[in-house]
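Quick notes on the structure that follows.
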Amino acid sequence: SLGVKPSLLKNQRLASARFGSTLAFIESSNDKISSSTLSTLNAAKELGNPIVAVSFNSKLQSELNKVPGLSKILLLENEKFSKNSPEILSPILAKLIQDQNLDVSHFVIPSTAVGKNILPRVGALLDIQPISDVIKIESASVFQKPIYAGNIIQTVESPADSKVLLSVRPSAYEAVELTSDSTYESQKLESDEINELNIKWVSENLTVSERPELTSAKKIVSGGRALKNKETFDKLIYPLADALNAGVGATRAAVDAGFCDNSLQIGQTGKIVSPDLYIALGISGAIQHLAGMKDSKVIVAINKDEDSPIFNIADVGLIGDLYEIVPELTEKLKN
Ligand code: FAD
């Protein structure tokens with residue numbers, strides 16, 4: 001049975017071998033392994049343990065066979081899993097982490113909306129302090145994570161006798177490259193004894209877009225308050241993004257002013273991105289915005305104020321009026 005009684009787990013001390021296996025949560029996106037998961041798997045490799053992948057969507061099996069370096073795949077299937085409800089998945093994961101046969105010493109999950117919902121619950125069920133948003137694995141027990149919107153990098157060590165629960169910031173790791181099929185032992189687990197819970201899935205509103213997904217886009221064109229309104233944002237940002245096949249982002253000022261949807265917000269309270277190219281248009285470079293994009297490989301800033309802080313982190317800076325520069329740049333790129 002995969003049912004679990006939280007009261008039995010609470011306050012149990014979890015002595016475990018430091019080097020057991022790593023249980024990696026596989027998040028799915030449109031029946032594919034999410035790009036955040038592929039980055040998390042790369043981080044998991046650094047722990048040096050055999051990696052057991054656990055997926056709540058059995059359609060991922062063939063793709064999981066292409067992930068190099070797994071030791072085993074666990075598949076759980078139930079219609080209640082389709083929405084990644086943390087109330088349903090967390091007790092099941094807590095039980096797996098305690099499974100003697102799996103001998104889990106580390107649990108890893110991407111630091112996405114799904115991961116952020118699940119990890120604290122698993123931590124509470126097992127009475128273990130999770131370590132969230134890891135950007136560097138120094139050893140099997142020492143990790144680095146950003147705090148204060150990325151202004152300080154904290155090094156934390158987990159106690160020697162505890163299992164380690166980690167979420168990994170996907171932008172800090174490259175995605176693992178899928179290789180030709182290897183066939184792993186895969187085990188389908190029964191999941192018919194899911195605890196009855198007082199929750200109900202009501203609905204979801206998804207923003208559908210043909211553009212590259214922001215958190216995995218290789219290029220991003222991002223607009224700030226200087227875009228003035230939705231019409232000019234649409235007129236200037238999207239054609240440039242189209243010319244580069246880039247994702248579109250924005251500052252909180254642009255989102256709050258209604259220039260674009262809030263799913264585009266990049267920063268401390270928005271998405272964290274690290275594309276190869278980030279073009280910041282009319283963005284001042286407030287620390288809360290930098291927290292979401294400063295790890296981009298090449299940052300290009302166009303701003304009419306030469307003292308704007310964005311120029312402190314830009315690799316290429318262009319001082320000037322974006323209303324003149326952007327249409328010209330777009331035209332040149334199209335040609
Ligand atoms: P501004 O700071 O107003 O900058 C506009 C820039 O455009 C200026 O540098 C100006 O020189 C330039 N400009 C104007 N006209 C032109 C022109 N014609 N051509 C070229 N350049 C021009 N912000 C985020 O972005 N993401 C977050 O997640 C986020 N989270 C926050 C969380 C908290 C708790 C708080 C307090 C704030 C947060 N903010 C966040 C807001 C942040 O502090 C800034 O207010 C915001 O990032 C500023 O956005 P902006 O750069 O578009 O606007």
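Just so you know, all these numbers are worked out from the coordinates, no wet-lab data involved. This is a predicted model, so every value here is computed, not measured. Quick reminder, even Gly has a Cβ in these numbers, built from the backbone with ideal geometry, and neighbours come from all protein chains shown.
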Which number do you get for Rg(Cα) / (2.2 N^0.38 Å) in the chain? 1.09
Just need the relative contact order of the chain here, percent rounded to a whole number, with Cα pairs under 8 Å and 6+ apart. 16
Taking only the alpha-carbon positions of the range 108-253 and ignoring solvent, what does the Debye formula give for the base-10 log of I(q)/I(0) at q = 0.16, 0.18, 0.19, 0.20 Å⁻¹? -1.16, -1.22, -1.25, -1.27
Stretchable slack from ASN312 to LYS218, in nm (0.36 nm times residue separation minus alpha-carbon distance): 31.6 nm
Set LYS95/LYS163; LYS66/LYS145; LYS59/LYS271; LYS230/LYS304; LYS59/LYS219; LYS145/LYS219, cut-off 18 Å on Cα-Cα distance; pairs above it are LYS66/LYS145; LYS59/LYS271; LYS230/LYS304; LYS59/LYS219; LYS145/LYS219
Suppose only helical runs count, i.e. DSSP H with n ≥ 4. What mean residue ellipticity at 222 nm does that imply for the chain under -39500 (n - 2.57) per run, divided by all residues and rounded to the nearest 500 deg cm²/dmol? -7500 deg cm²/dmol
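What is the local net charge at LYS230, summed over the other residues whose Cβ is closer than 13 Å to its Cβ (Lys, Arg +1; Asp, Glu -1)?
-1
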Take the alpha carbon atoms of the range 78-132, find their center, do the same for the range 248-274, and report the distance between the two centers in whole angstrom. 29
Please compute the modelled spin-label separation between ASP256 and GLN288, points set 7 Å along Cα→Cβ, answer in nm with one decimal. 0.5
With bins 10 Å wide starting at 0, give me the P(r) of the range 229-268 over every alpha carbon pair, in whole percents. 33, 55, 12
Sorted from fewest to most neighbouring beta carbons within 10 Å, what does the list PHE311, PHE259 look like? PHE311, PHE259
Determine the gain in length on full extension of the stretch ASN101-LYS200; use 0.36 nm per residue of separation and subtract their C-alpha separation, reporting nm with one decimal. 32.3 nm
Note: GLN61 to LEU333 extended length (0.36 nm per residue) minus current alpha-carbon separation gives 93.8 nm
Whichever aspartates and glutamates have a C-alpha closer than 15 Å to that of LYS294, once near sequence neighbours (fewer than 8 apart) are set aside: ASP276, ASP315
Can you run phi through the Karplus equation (6.51, -1.76, 1.60; θ = phi - 60°) for the range 154-160 and list ³J(HN,Hα) in whole Hz, with x for Gly and Pro? 9, 9, 10, 10, 8, x, 5
Per-pair calculated FRET efficiency, R0 = 51 Å: SER71 and LYS228 via Cβ, rounded to 0.05: 0.40
Where a label projected 7 Å from the Cα of GLU46 along Cα→Cβ would reach, residues of the range 138-152 with amide N under 18 Å: 138-147, 150-152
